[in-house]
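Asker: What follows is a structure written as structure tokens; I'll ask about it next.
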Amino acid sequence: QQQVKQSPQSLIVQKGGISIINCAYENTAFDYFPWYQQFPGKGPALLIAIRPDVSEKKEGRFTISFNKSAKQFSLHIMDSQPGDSATYFCAASKNQAGTALIFGKGTTLSVSS
Amino acid sequence: GAVVSQHPSRVICKSGTSVKIECRSLDFQATTMFWYRQFPKQSLMLMATSNEGSKATYEQGVEKDKFLINHASLTLSTLTVTSAHPEDSSFYICSARWSDYNEQFFGPGTRLTVL
């Protein structure tokens, strides 16, 4: 049973456009929702994260929107750049000792120049 | 801050040999370390959770006798792939967290190729 569902699988966006990636979760005990960016051959790097006490968090061009009732959260990349081309993973976890992150399947983003 | 390193970054070995991968938290003490495996164009799959000084907890389907994990200190965890076979070829990534209420920081990964 997949606990974190991510869509779309791939995304092509024009330079300067907005990239939107969506995730839905099932476990209401999850209370930490990060997004990771991964370039080929590299480990994932934390991009931005949110906890359920807020509905939105913005860091530079990256924004997480969180809808607790719908159990959904999304990543918005404003003014997308070719350098943003990478694979993005959403994840979720419980605030509990030793709890690992559960990852979505990933979205491959290509930003055309 | 919050840097995690892995060594080696890339290893090629013959079938039947054992390979050890090190994961170090460079500027913090990691209460918990995690080992993931990632196949090409796929997501990260959790293999095991490791707490310093105790036995690792393995995910269902992961052979604990094949993937030996040692978390001897708060800054070092090792994954040993024993009697490696070509199907073990993958990208192995570790991550670490330093308290119960913090994000995980990932290492750069180790590319294992078994011939």
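Asker: Among the residues of segment B:10-38, what is the count of those that are over 15 Å from the mean Cα position of the chain (by Cα), over 20 Å from B:Asp65 (Cβ atoms) and not in a loop (DSSP other than H, G, I, E, B)?
Answerer: 1
Asker: Answer yes or no as to whether B:Ala56 is surrounded by 15 or more Cβ atoms within 10 Å (Cβ to Cβ), closer than 14 Å to B:Val11 by Cβ and either modelled with pLDDT of 90 or more or in contact with a helix residue (DSSP H, G or I) (Cβ under 6 Å, 6 or more places away or on another chain) (or both).
Answerer: No: the conditions fail for B:Ala56.
Asker: Consider segment B:69-84. How many of its residues are crowded, with 18+ Cβ neighbours inside 10 Å, β-branched (Val, Ile, Thr) and in a strand (DSSP E or B)?
Answerer: The number of residues fulfilling the criteria is 3.
Asker: Can you tell me which of B:Leu26, B:Leu44 is free of Cβ contacts under 8 Å to residues at least 60 places away in the same chain and closer than 17 Å to A:Phe89 by Cβ?
Answerer: On the way: B:Leu26 fails: closer than 17 Å to A:Phe89 by Cβ.
B:Leu44 is the lone residue from the list that is free of Cβ contacts under 8 Å to residues at least 60 places away in the same chain and closer than 17 Å to A:Phe89 by Cβ.
Asker: Could you tell me how many of the residues in segment A:91-113 are among the hydroxyl-bearing types (Ser, Thr, Tyr) and in a loop (DSSP other than H, G, I, E, B)?
Answerer: So the count comes out to 2.
Asker: Filter segment B:61-112 down to residues that are more than 15 Å from the chain's Cα centre (by Cα) and within 14 Å of chain A (Cβ to nearest Cβ), then give me how many there are.
Answerer: Going through segment B:61-112 one residue at a time, the tally reaches 6.
Asker: Please state which one of A:Val4, A:Val13, A:Val54 is closer than 25 Å to B:Ser95 by Cβ, among the aliphatic types (A, V, I, L, M) and over 11 Å from the mean Cα position of the chain (by Cα).
Answerer: It is A:Val54.
Asker: Condition check: of a type in the set (Val, Ile, Thr) and exposed (fewer than 14 other Cβ atoms within 10 Å of the Cβ). Does A:Ile64 satisfy that? Give the steps one after another, and end with the answer.
Answerer: Working: of a type in the set (Val, Ile, Thr): yes; exposed (fewer than 14 other Cβ atoms within 10 Å of the Cβ): no.
Taking the combined requirement at face value, the residue does not satisfy it.
Asker: Spot the failing condition for B:Ser50; the list is (1) facing chain A (nearest Cβ under 10 Å); (2) loosely packed, with under 15 Cβ neighbours inside 10 Å, and only one is missed.
Answerer: (2)
Asker: State yes or no: is A:Ile50 within 14 Å of chain B (Cβ to nearest Cβ) and within 19 Å of B:Gln104 (Cα to Cα)?
Answerer: Spelling it out, A:Ile50 is indeed within 14 Å of chain B (Cβ to nearest Cβ) and within 19 Å of B:Gln104 (Cα to Cα).
Asker: Moving on to the next point. Determine if segment A:65-85 includes at least one residue that is closer than 17 Å to A:Gly17 by Cα, within 14 Å of another protein chain (Cβ to nearest Cβ) and part of a strand (DSSP E or B). Spell out how you get there, then give the answer.
Answerer: Filtering segment A:65-85 down to residues closer than 17 Å to A:Gly17 by Cα leaves A:74-85.
Within this subset, residues satisfying the condition of being within 14 Å of another protein chain (Cβ to nearest Cβ) are none.
Checked segment A:65-85: no residue is closer than 17 Å to A:Gly17 by Cα, within 14 Å of another protein chain (Cβ to nearest Cβ) and part of a strand (DSSP E or B).
Asker: Looking only at segment A:91-113, which residues are out of contact with any Asp or Glu (no Cβ under 6 Å at 6 or more places or on another chain), hydrophobic (A, V, I, L, M, F, W, C) and either surrounded by fewer than 22 Cβ atoms within 10 Å (Cβ to Cβ) or at the interface with another protein chain (Cβ under 10 Å from one of its Cβ atoms) (or both)?
Answerer: If the condition is that a residue be out of contact with any Asp or Glu (no Cβ under 6 Å at 6 or more places or on another chain), hydrophobic (A, V, I, L, M, F, W, C) and either surrounded by fewer than 22 Cβ atoms within 10 Å (Cβ to Cβ) or at the interface with another protein chain (Cβ under 10 Å from one of its Cβ atoms) (or both), then A:Ala91, A:Ala100, A:Leu101, A:Ile102, A:Phe103, A:Leu109 are the ones that fit.
Asker: Kindly establish whether B:Leu44 is buried (at least 23 other Cβ atoms within 10 Å of the Cβ), away from every other protein chain (no Cβ under 13 Å) and either at negative phi or over 13 Å from the mean Cα position of the chain (by Cα) (or both).
Answerer: no
The values are calculated or read from the model by the stated rules, or taken from the named source; none is laboratory data. All values derive from a computational prediction rather than experimental measurement. Don't worry about glycine lacking a Cβ; one is built from the backbone with ideal geometry, like all the others, and counts go over all protein chains shown.
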